[in-house]
1. Name the single residue, out of those in the range A:94-111 being open to solvent by 10 Å² or more (accessible area, probe 1.4 Å) and not in a strand (DSSP E or B), that is nearest to ligand 2 (Cβ to nearest atom).
2. Where in the range B:43-132 are there helices (runs of 4 or more DSSP H), lying fully within it, with 1 or more residues that are under 14 Å from residue B:151 (Cβ atoms), open to solvent by less than 20 Å² (accessible area, probe 1.4 Å) and touching a residue at least 24 places away in the same chain (Cβ under 8 Å)?
3. Tell me which residues, restricted to the range A:238-260, are surrounded by fewer than 18 Cβ atoms within 10 Å (Cβ to Cβ), under 21 Å from residue A:67 (Cα atoms) and of a type in the set (A, V, I, L, M, F, W, C).
4. Here's a check for you: in the range B:249-260, which residue that is away from every other protein chain (no Cβ under 14 Å) and open to solvent by less than 10 Å² (accessible area, probe 1.4 Å) is nearest to residue B:476 (Cα to Cα)?
5. Cβ-Cβ under 8 Å, sequence separation 6+ or interchain: first residue in the range B:296-323 and more than 14 Å from every other protein chain (Cβ to nearest Cβ), partner of a type in the set (S, T, N, Q). Which pairs?
6. Consider residue A:189 against the criteria (1) open to solvent by 30 Å² or more (accessible area, probe 1.4 Å); (2) more than 16 Å from ligand 1 (Cβ to nearest atom): it satisfies all of them except one. Which criterion is unmet?
7. Being outside the structural domain of residue A:120 (by TED's automatic domain parsing), closer than 14 Å to residue B:302 by Cα and open to solvent by 20 Å² or more (accessible area, probe 1.4 Å) narrows it down to one residue among A:43, A:26; which is it?
8. What's the number of the only condition in (1) under 20 Å from residue B:461 (Cα atoms); (2) in the same structural domain as residue B:344 (by TED's automatic domain parsing); (3) open to solvent by less than 20 Å² (accessible area, probe 1.4 Å) that residue B:280 fails to meet?
Amino acid sequence: MHKIREKAQLSPNVTRLVVDAPRIAEVRRPGQFVIVRKGPGAERIPLTIVDVDREAGTISLVIQAVGKSTYDLVGLAEGDVITDVAGPLGRPTDLLASGHAVCVGGGVGTAVIWPIAQALAASGVEVTSVIGGRSREWVILEKELRTTGEVIVCTDDGSYGRKGFVTTALDEVCREGGVDEVFAVGPVPMMRACSEVTRPFGVKTTVSLNSIMLDGTGMCGGCRVSIDGASQYACVDGPEFDGHLVDFDSLSDRLTTYREFEQEALARRLACQEA
Amino acid sequence: MSTESEGVQALSGEQAVPLGRIPTKQRLAISRQTMPERGAEARSHTFDEVNLGFNAQIALLEAQRCLLCKQPHCVKGCPVGVDIPAFISRVAEGDLAGAAERLMACNTLPGVTGRVCPQETQCEGQCPRGATLRGVTGQPVGIGYLERYVADWAAVNVTGIPEPAPSSGRRVAVVGSGPAGLTAAGELVKHGHDVTVFEAFHSPGGVLVYGIPEFRLPKEIVHREVDRLVKQGVRIEYNAIIGRTFTLPELRKDYDAVFVAVGAGLPVFMDVPGENLKGVYSANEYLTRVNLMGAWMPDGETPVLSGKRVAVVGGGNVAMDAVRTARRLGAKDAVIVYRRSRAELPARAEEVHHAEQEGVRFDFLTAPLRVVGDDSRWVTGLECRRMELGEPDASGRRRPVPVEGSEFVLPCDTVVVAIGTRANPLLTSTAPDLNLNRWGYIETDDEGHSSMPGVFAGGDIVRGAATVILAMGDGKRVSGAIHRYLEGLPVS
Ligand SMILES: Cc1cc2nc3c(=O)[nH]c(=O)nc-3n(C[C@H](O)[C@H](O)[C@H](O)COP(=O)(O)OP(=O)(O)OC[C@H]3O[C@@H](n4cnc5c(N)ncnc54)[C@H](O)[C@@H]3O)c2cc1C
Ligand SMILES: Cc1cc2nc3c(=O)[nH]c(=O)nc-3n(C[C@H](O)[C@H](O)[C@H](O)COP(=O)(O)OP(=O)(O)OC[C@H]3O[C@@H](n4cnc5c(N)ncnc54)[C@H](O)[C@@H]3O)c2cc1C
Ligand code: FES
């Protein structure tokens, strides 16, 4: 049982939960995730370990409500419990030892980028973050990222920071030169676009793939992604891969496998909420 | 019930009698009792258990078929050496408590093995009543059915929990709660050791729960067993993935001994084009979604594709479970694609028989070449090639060789790949001192001791994908070795 210690709304559909998980807080490294099952009957869903407080024995989860399971989780209140939190899973981020890294976050991907930026800064790497959202209220974790270095904020409507997509800002930073590695996390089209931006510059680009998962330990193969033509399991071989080698078409396609179920489950849930 | 047996009912069947009092000739006259089962049509739409179990009357008759051989070959056929004549003769005498005691002395999960063991190649395969005499093949004693009968009786009637043994002061970690881990935990706690089981999933049982479906092994039976262990003092930590949450060397430091029983859980794919299309599953994923996550239940939140035409590749128990599951999820056409012939099917005979009754089709001597999809990357078919049997291979089975020009597309919307599993490196890769064989399985000595002092292993992670009874046998045997190892440790 994992008690929710704190709950905060970060954007209209993104919520942070601080949850008891002392062992995971102790051993987790940046880039790793947990599999969460809210309670009996619920799905198992992967969520990045965004931050930890070893002393308090807690981990932070930042959750974007997109469907039944995520709505259910963000519907919990402080003091409620989550039945199962398993982890830490996945390979930790391969952190470069020095140089300049650009961390690009789109939407809830910014939450996945934050622990990476934090670890990079801690090991002395120069960090520039490029984060985006639809408009001002959708931008998350800007203050936190400022502690790691420069932050460039982009909004689609120009209501805050620069108007435009993160890819445009990323392109400019790359043009200035001196970028050793780019970490890009967000919706699949955004990660694909970032990888295309960096390809001509020959800058190594790491993306974090959000394929559909079940066990998170390599036993089902459901999370398989195609990397340079070969199948790899996102849960144990990833979730981070070289963006220049990822078959994004296959990934975004596989993410639609259960669309009908998902839409129906969400509609039913929202109907319950209104009733 | 057959007419043949009716003549002997006056003496036997209706009343319990010591077997020795029934003349052999009369025992020989009783024919094998059939297992009552749910009708094939009705059951292919539900997950209720197919076999309904013997009633007292049928069990008595079946038990009275036993000839009490002087040299009981059946016992030799049992991987854990259950004293079969002893438990069966007690059933015949009506002493079910005695039967349960004899059965459980060697087998801690008889309710499970009575349902899932391949009896036809083990105990029943050795029974002289199944021999062929003058061209007539007999029917072996229904040892598995009787085992199940006694176990189910005991589950209701033998509820006492043994007095806890005095504490030995030793702590043992068991990794994995499949049949090997659960059996070892039960044995170790009896010796007074403090046992903690670490399980990666949120629920116990291993393959018994996430792999073998409800209609063959109701989860209730496994949960009942786990409850017993917990009442005896076994602690279970769920969501504890060894290799991630804790490493094996860490456990070794915190516990006096470790038993590793993590199974062989890594799926093997066919490595043919199209395997990443939507609608292609490993059997592990398909069965886990349905069984562990309850996708078949109306309120299960985990989705599974319920295809109308499902092709399952493989011929073992896993393939049979997947194809019968597909039928229950609503598949109109559920077909087994197997590259050898019927004679080589490795699945339990009863599973094949039940699958056929339920309308499953079999495409023998057929090998997949490619998964075919439409523009939106949904599966639309499985391109296959016909095979014929050539020369025997290393395993003595005739090797299938392709028939040139025999390619065809089997139309389907779901493909389930059930061609085997491998060792998962998650745990072993964090234990550099653990010796593995070239397939990644843990190497042990005859006692189950690995290359790391105090670390033992058993079940599928040592043998490769095997059987429930062998995993349990390992749990029992290796826990004995662990106990001796702990007794030999210097007093701290
Ligand atoms: C390693 C990993 C780390 C992740 N970390 C986070 C995180 O920190 N915060 C967070 O909010 N989400 C994260 N995700 C995504 C999260 O797991 C999914 O959003 C969640 O499973 C959706 O469940 P649902 O029932 O709410 O929505 P569903 O009903 O399952 O889906 C609703 C919509 O979301 C899409 N979707 C489904 N699964 C995913 C997925 N895995 N990724 C992206 N979109 C998906 C569907 O296509 C559909 O359009 C992560 C995923 C992975 C694999
Ligand atoms: C679908 C299917 C049908 C089968 N049918 C039959 C049958 O009819 N008859 C028969 O005799 N055999 C059958 N088998 C084979 C039989 O189930 C296995 O041989 C047996 O379960 C092996 O037992 P085990 O205890 O070694 O491992 P498992 O049952 O595999 O249990 C291993 C446990 O360890 C856990 N685990 C794995 N990794 C870790 C980790 N790193 N940390 C913590 N926990 C971990 C797993 O979650 C699991 O609970 C079948 C197998 C399958 C898949
Ligand atoms: S989630 Fe099952 S193998 Fe990755």
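1. A:94
2. Output list reads B:56-63, B:84-93, B:96-106, B:110-116.
3. A:255
4. Among those that are away from every other protein chain (no Cβ under 14 Å) and open to solvent by less than 10 Å² (accessible area, probe 1.4 Å), it is B:259.
5. Qualifying pairs under 8 Å: B:309/B:414; B:310/B:414; B:311/B:414.
6. Status for residue A:189: all satisfied but (2).
7. A:43
8. (1)
The values are calculated or read from the model by the stated rules, or taken from the named source; none is laboratory data. Given the structure is predicted, the values throughout are model-derived calculations rather than measurements. Cβ sites come from the backbone with ideal geometry, for glycine too, and all protein chains shown count toward neighbours. Just the protein is used for accessible areas: all its heavy atoms, side chains included, with ligands, DNA and RNA removed. Shrake-Rupley method; radii C 1.70, N 1.55, O 1.52, S 1.80 Å.
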